[in-house]
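So the structure is just underneath, and the comments pick up after that.
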Amino acid sequence: MNLYLAATYIIDARYGRNGQFEADDNSVRLYNLYTHWLPKLVTYFFLLLLLSLAIFEKPAVPGLEIEYWVTMPMELICLIVIGSRLFHLKLFSPGRTFYSDKKNIVVLATIVIVVIDMITYIALVNSGQSMYAYRWSRPLRPLILVNITEGRQIRRAFRNIRRTLPDILNVLVLFFLSIALFALMALKIFERRPELRLYTDNSPYFKHYGDIYFQLYVLVTTANSPDIMMPAFDSNKWFSLFFIVYLVVCLYLFMSIILAVIYKNYRRHLKNEIKKSVFIKRVKLNRAFDELKEQQDGKSVVTEKTWNAVMQEVLPNRNQVYYSLLWMVLDKDGNGYIDQNMFLQVADLLNVEVSEVRNQKHLIEKFWPHIYNSSVSIAVRQVVMHKFFRYFFDLAIVVNAFFIGFNLDEAEWFFLSVFTCEIILKLYTYGFREFCRRFWNIFDFIVISAAFIATIIEAALEELQYSRETLDVLLVLRILRLLKLVGSIDRFKIIIGTLTNIAPSMFTYGGVLFVFYYVFAIIGMEVWGTMLSGNVNVTFCNNPALIGTEFARDHYCNNNFSDVLTSFVLLFELMVVNQWHVLTSGFEAVTSAWARLYFVAFHLLVVIVVLNIFLAFILEAFMLESSLSAGKFSNAVEEKIKEMGLWVSK
C-alpha cells in the first residue's frame, strides 16, 4: 500500500489535473514538487516578465526604453526558467509521453525560435545593418503562456475556438460571398452617378469594387451607418431599399446564424470536455483505489483505518472530526468499509465546502470580560446583530449618494464618521476574525479607512478641493454594497448568481483576449510603429499622408502603435467597433489599402469569434444557474453534520 501515491491520485482527481507520471517514489515526489504552488508562482513571475518586456523594447513606452543588451539577458533568463520547468516535467513523465505532448513541443520550438531571433538581431545590429534588424519572434511569446501546464484554462478556451472554427468557416464563406454579391450590385447601381460623393471626405461614391466591398463589410458592423447610405438616400430615397435588404441579410440573418453555430458547437465541445474530465477523474480514483484496497468477504474495499491514513496525506490541515464526517457520508450502511463505486465519489465529496467554526473568545472579552459581558455591551451587540442595523446603514449609503450627486459637500464628514462608527461597532461585536470572514465587511473597511486617511492627509496639505473629490469617489464605492440587497430579491438571484459564477471564467477569456491583443499589438508596432504621431495639436499627425483625412480631423493621432500600451488601447477601441473604419483609414493612408486585412482579421477573430464564444458561455451559465440546485453530496454532508450535533446556524 502506497499512501503517498494514492493521495497524489486523489488530489489530482479533486482538482481535475491530468498529470502523467511514473509510479515510483522519486517520480511521485518530483510530480508533487512540480504541482506545488511555489514553482508555479516562479513560472508565472518570469512569464509575466517575458511578456512585459514589450513595454521596454523599441518602440517602448515613453520614458521606459531600455537598450537591447539589457532586455535580451532578461529575456534569456525567462526562457531558461521556463525551459527548466519543461526539464522538470520530463524527469517524471513516463516513456515518450513528454515528446508526444504537442504543447511541450510548441514551447520548446518557441524557445528555440526566440533564441535564433535574438542571435540574428544582435548580429545585424553589431554588423551595421540595424535597418534590417527586427524582433520578428516577439508575437510568438504568448504561445508559451497558452502551452505551459499552468495555462490549462486558457488552452482549453483556445481548443474550444479551434474546434468551433470549421463550422463557423462554412457560414463565413457564405457571408463573404453575400457581401461580394451585394458589392457587385452596388457597383452597377452607383458607378455611373458621378454626382454622388461621400460626405465624410468628398471621395467618389462606390466607384471601386475593393472599396465597396470593404465599406459594406464595415456596414455589417454598423460603424459607418447611416453615413455610407446618406449620399444615395439623398439622391433617391428608393436607394435605401438596397441598404435595408443588405443589412437584413448580412447583419441580422448571418450574424445570428454565426452566433447559433458558435453556441451549438460550444455546448457540444463543453459536453465533451466534461466527459473527458469525468473520465480522467475516474481513472485517477481507480488508481488510488488499487493502491488502498484490501480484501474483505471476497470484495475489494477501503477500510476506515486506511481512509483516515490517506486523508492525513490529502488534507493534512483538517482534523479527525472532518475525516470521520466524510467517512460517514460515504459509508452510509456503517459497514466499516466502502467499495470501489463509493470511492469514485471521493473527489466530488472533497469539493463540498465545509466551514469549521472555532469557539474563540473576543479579544475584549478575554482581557476585560466584565466590560464585554455587561448589560450595556450585550444590548449594543444585540442592536448590531439585528437586521435593522444593516438596513439603517444601507439607507445611509443611499442618502450619502444623494448628497454627493447634488454636491452637498457639507455632509461628507458626517457620513464618513457614521460609516466609521459602523465598522467599529461591527469589530466590537463580531471580533476581527469573524468580521473578516465576510467580503463586504472587508470592502467597507478598506474603502472607509482609505477615505479617512486620504482625507486627513489631504486636509493637512490644505488641498481641500482634491480632498472632497477623493472622499466622494471612495464613498460612492460603498454603493456597491447595495448589491447584497439586490441579490436577496428572488427575481434578481439568477442574474447575480450568473455574474458571481462567471467571474472566475472572466479571467480565462480575459487571457484569451490578452493573447490576441499581444500578438496584434506587436505586429502593429513592427509594421506602423511611430508613423502616426501622438501630437494631437498637429492637424495631420506629423505625417503628410494624413493631411485632410478623417483620421486627422477627428484628432485620432494618439490612436497608434507607438508602444505596446497605446496599441492595447487602440485594439480595445477596434473591439468596441465604433469608428473602427476611420481608425483603419489612417493606417491605410500611411501605407496602402492592404492595411485593411490587418484590421478585418482582428475584427473577425476577436469580435465575431472570441466575443461570440464568450456570449455562448454566458448563455450556458445563465441557463445552468436557472436550473441549479444543491448537489447530493452537499445535502448529505449537511445531514451528517446535523446528526453529529456539529451544525452551527449563522
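Just so you know, all these numbers are worked out from the coordinates, no wet-lab data involved. For clarity, every value in this text was computed on a predicted model and none was experimentally measured. As a convention, Cβ positions derive from the backbone with ideal geometry for all residues, glycine included, and neighbour counts pool all protein chains shown.
Projected onto the charge dipole of the chain (+1 at Lys/Arg Cβ, -1 at Asp/Glu Cβ, origin at the Cα centre), which of ASN319, LEU570, ILE446 gives the Cα projection farthest towards the positive end? With unit charges placed on the Cβ atoms, the residue in question is ASN319.
Ordering 163-169, 372-378 by mean Cβ neighbour count within 10 Å, with the highest value first, yields 163-169, 372-378.
If you plug the beta carbon distance of GLU294 and ARG152 into 1/(1 + (r/R0)^6) with R0 = 35 Å, you get a FRET efficiency near 0.50. Sorted fewest first by neighbouring Cβ atoms within 10 angstrom, THR584, THR97, THR71 come out as THR97, THR71, THR584. By the Cβ distance rule of under 4.7 Å, the chain has these cysteines without a partner: CYS78, CYS250, CYS421, CYS436. Across the cross-link table entries LYS284/LYS332; LYS102/LYS264; LYS40/LYS102; LYS332/LYS366, which are compared at the Cα atoms, the separations over 30 Å belong to LYS332/LYS366.
Short-range pairs are left out: with C-alpha atoms under 8 Å and at least six residues apart, the relative contact order of the chain is 16 percent. Its Cα centre serving as origin, the stretch 492-626 has a Cβ charge dipole (Lys and Arg +1, Asp and Glu -1) of approximately 80 debye. Residues within the reach of a label modelled at MET255 (point 7 angstrom out along Cα to beta-carbon, backbone nitrogen below 16 Å), restricted to the stretch 154-187, are 172, 175-176, 179. This ranking places ILE453, ILE10 by how few other beta-carbon atoms lie within 10 Å of each, fewest first, which gives ILE453, ILE10.
Note on ILE122/TRP594: beta-carbon distance plugged into 1/(1 + (r/R0)^6) with R0 of 30 Å gives a FRET efficiency of 0.45.
One decimal place: the segment PHE443-THR97 gains 119.9 nm when fully extended, by the rule 0.36 nm per residue minus the C-alpha distance.
For the stretch 235-252, backbone phi angles converted through the Karplus equation (6.51, -1.76, 1.60; θ = phi - 60°) give residue-by-residue couplings of 6, 7, 4, 5, 5, 4, 4, 4, 6, 5, 4, 4, 5, 4, 6, 7, 8, 6 Hz, Gly and Pro being listed as x.
For n ≥ 4 DSSP H runs only, could you compute -39500 (n - 2.57) per run for the chain, divide by its residues and tell me the 222 nm figure to the nearest 500?
-22000 deg cm²/dmol
Taking 30 Å as the limit for the C-alpha separation, the pairs LYS207/LYS237; LYS90/LYS299; LYS271/LYS293 exceed it in the case of LYS90/LYS299; LYS271/LYS293.
Considering only LEU108, TYR44, VAL28, the residue lying farthest towards the positive end of the dipole of the chain is VAL28, judged by Cα position with unit charges set on Cβ.
Extension gain for the segment TRP368 to ILE547, taken as residue separation times 0.36 nm less the Cα-Cα distance, is 56.6 nm to one decimal.
The ALA109 and SER225 beta-carbon pair, evaluated with R₀ = 41 Å, returns a calculated FRET efficiency of approximately 0.35.
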